[in-house]
Amino acid sequence: MNAALLIILGTIIFSVCVGLFAGRGMKMNLENWTVAGRRFGGLIIWVLMAGEIYTTFTFLGASGWAYSKGAPTYYILIYGALAYTLSFFILPELWKIGKRHNLYTQPDFFIKTYDNRFLGVLVAVVGILSIIPYLQLQLTGLGLIVEVASNQAIPSKLAIGISGLLTCAFVYTSGIRGSAWVSIIKNVMMIAAVAVVGIGVPRVYFGGFGKMFRTLIAQKPEHLVFPGATPSMDTLWVMSTLLLTGMGFYMWPHVFGSAFSAKSAKIIKRNAIIMPFYQIPILLILMVGFAALLVLPGLKNGDLAFLALVQKTYPSWFLGFVGAAGAVTAIVPASILVLFGSTLLAKNVYQVVFDPSASEDRVMRLSRAMVLPITAAALLFALLLPRALVNLLLIGYDGVSQFFPGVVLGLFWKRVTSVGVISGLLTGLALVVALVFGGHDPIFGINAGFVALVANVIITVVVSILSGASRPGVRRPQETKSS
Amino acid sequence: MQKGTKLALLLGAIPFLTLVFALPLVNRIKPVILGLPFILFWILLWVALTPLVLFAAYKIEKRFNSPEDEDRR
């Protein structure tokens with residue numbers, strides 16, 4: 001039993017206990033379980049959103065990209081700022097509609113706005129198909145981090161299995177409150193780990209950021225400007241990827257849904273203002289990737305650059321601490337993915353298609369019952385068929401981004417119709433599949449998902465105008481006087 | 001659309017102009033500022049300014065929009 005092992009196991013167990021405790025004494029109905037009864041204040045919303053957005057991809061991927069790809073990794077620094085700017089204008093309006101019509105999920109919004117159940121189910125199914133591989137990715141990342149950080153004492157499959165089941169337990173009992181509480185632990189540990197490593201590593205090896213960059217500029221100047229070390233990620237790719245990911249960011253069903261958990265539209269708006277501060281840890285993570293390029297050249301797996309450099313620089317207990325932070329970093333988004341995956345399946349697929357008259361109580365029980373199968377599916381893929389969903393993962397972001405026109409036009413443009421949105425969405429999705437799997441991503445240097453999104457917008461607008469009649473459903477907030 | 005919302009949207013365009021559409025113009029290493037390659041310095045500058053831009057948009061919406069349109073809960 002070494003110190004690293006103790007820290008990792010202790011953190012996972014402590015986090016899960018906090019998650020279980022979070023829902024204690026709470027009468028659980030569906031509103032309480034999925035959106036915390038719409039009672040989250042400013043601080044907890046920030047912690048929750050930071051918790052679900054900054055995932056193992058941020059931890060391993062951002063430094064890995066800095067290491068192996070170079071400048072294209074800057075996009076990870078930027079797209080959040082664009083997404084928060086959009087969210088400043090979009091989410092408060094969305095929240096108001098959610099409040100007025102008692103919406104919990106993204107498909108709920110589509111069903112209410114467009115009065116079209118087919119569209120709702122379509123959005124739910126695309127959402128679930130994007131959630132499962134993303135969930136698998138979190139679990140795989142967790143396994144990788146724990147195995148390396150515990151110095152192989154905890155094999156990755158064991159870590160994945162245990163964490164998956166424990167996460168499942170606290171999602172079942174506490175719902176989104178569990179995720180929010182665990183996210184506090186995650187944020188404290190992750191920021192501490194990243195601050196120590198991000199500031200420490202450049203200082204230890206180079207005597208500071210400036211000197212590190214002087215060395216980089218002298219040795220590998222081409223690594224620091226687009227397209228970096230890649231053949232295809234030039235400025236045009238970065239720009240189109242930024243627009244795509246900036247718009248797609250809040251279109252992930254779990255991120256979208258958690259916006260409903262805020263106490264007021266004002267809280268959501270203020271939160272958009274302070275969210276960009278969370279980009280600072282990302283900068284530090286990039287620094288570690290750049291440092292690793294000089295200190296540990298020739299790593300086979302760039303995603304391990306962060307951990308490898310920590311291992312080389314710090315005592316093993318600290319590697320354990322980083323591993324523990326990485327594990328909770330995976331657990332928080334995983335829990336929210338499970339939560340919304342289950343709710344989508346029960347409320348927006350099962351209820352809408354098979355049992356429209358089901359009581360909310362029944363939907364609640366059913367959503368909870370789906371927690372285990374959703375987790376089990378992701379576990380199965382993570383443990384037994386790690387490559388099976390790679391294709392779905394590749395198109396996950398491209399796919400959910402296609403919801404953007406339906407959401408924004410639904411909120412702000414009176415003439416958009418359900419036929420228009422369905423046509424646009426199907427066009428976008430078909431293009432994503434055709435371009436990505438046909439090996440045309442990027443196409444002419446542009447991110448294929450972005451090309452699909454542009455086509456989607458055009459089709460949505462044109463078909464909406466042609467199909468004419470104004471849409472039933474929600475009244476726009478500006479037209480409503482009463483509160 | 002209310003005047004405050006229009007002005008706020010103009011401010012909201014700033015991050016997109018600086019962090020997306022200006023990228024082809026700033027994709028270079030020199031001049032090195034604060035030890036950072038110019039492109040990285042530029043990105044950090046505008047990412048750091050985004051909260052200020054949004055805060056200004058928030059204040060402007062408050063100042064110019066009628067209170068009725070503010071959220072009511």
ask   = Using alpha-carbon pairs under 8 Å, 6+ residues apart, how would you state the relative contact order of chain A in percent?
value = 31 percent
query = Of A:T73, A:L435, A:V255, whose Cα points farthest to the positive end of the dipole of chain A (charges on the beta-carbon: +1 Lys, Arg; -1 Asp, Glu; origin at the Cα centre)?
reply = A:V255
note = Taking R0 as 25 Å and r as the Cβ-Cβ distance between A:D361 and A:L165, the FRET efficiency 1/(1 + (r/R0)^6), rounded to the nearest 0.05, comes to 0.45
note = Among B:F64, B:I39, B:T18, the residue whose Cα sits farthest towards the positive end of the charge dipole of region B:3-64 (+1 at Cβ of Lys and Arg, -1 at Cβ of Asp and Glu, taken about the Cα centre) is B:F64
request  = Mind sorting B:K6, A:K186 by how few other Cβ atoms lie within 10 Å of their own Cβ, fewest first?
outcome  = B:K6, A:K186
key: Cα lying deepest toward the dipole's positive end in chain A, options A:T343, A:L309, A:P227, charges on Cβ   = A:T343
ask   = Hey, got the dipole for region B:3-64? About the Cα centre, +1 on K and R Cβ, -1 on D and E Cβ, debye to the nearest 20?
value = 200 debye
query = Where the only charges are on Cβ atoms (+1 Lys, Arg; -1 Asp, Glu), what is the dipole of the protein assembly as shown about its Cα centre, to the nearest 20 debye?
reply = 1180 debye
note = Karplus ³J(HN,Hα) for region A:260-268 (6.51 cos²θ - 1.76 cosθ + 1.60, θ = phi - 60°; Hz, whole; x = Gly/Pro) runs 5, 7, 6, 6, 8, 5, 5, 4, 5
ask   = How much FRET efficiency would the formula 1/(1 + (r/R0)^6) give for A:V462 and A:K211, where r is the Cβ-Cβ distance and R0 is 60 Å, rounded to 0.05?
value = 0.60
ask   = What's the exposure ranking of A:S87, A:S174, going from fewest to most Cβ atoms within 10 Å?
value = A:S87, A:S174
task = Before rounding to the nearest 500, sum -39500 (n - 2.57) across all DSSP H runs of length at least 4 in the protein assembly as shown and divide by the residue total; then give [θ] at 222 nm in deg cm²/dmol.
result = -23500 deg cm²/dmol
Charge dipole (debye, nearest 20) of region A:217-370; +1 at Cβ of Lys and Arg, -1 at Cβ of Asp and Glu = 420 debye
query = Would you list A:H101, A:H223 from fewest to most Cβ contacts within 10 Å?
reply = A:H101, A:H223
key: Cross-link pairs A:K112/A:K263; A:K27/B:K62; A:K220/A:K312; A:K414/B:K6; A:K157/A:K300; A:K186/A:K269 - those with Cα-Cα distance over 26 Å   = A:K27/B:K62
inquiry  = To test your reading of the geometry: what angle, between 0 and 90 degrees and rounded to tens, separates the Cα axis of helix A:176-206 from the longest principal axis of chain A?
reply    = 30 degrees
key: Among B:57-64, A:353-360, the order from most to least packed when residues are scored by Cβ within 10 Å on average   = B:57-64, A:353-360
Spin-label zone in region A:268-303 - amide nitrogen under 19 Å from a point set 7 Å from the Cα of B:V32 along the C-beta vector = A:287-295
note = Between A:A388 and B:K62, the FRET efficiency computed from the C-beta separation at R0 = 45 Å comes out, to the nearest 0.05, as 0.30
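Where a number appears in this text, it was derived from the coordinates with a stated rule and is not lab data. Note that the coordinates shown come from a computational prediction; the quantities given were computed from them, not determined experimentally. Ideal geometry is used to build each Cβ from the backbone, glycine not excepted, and the neighbour counts take in all protein chains shown.
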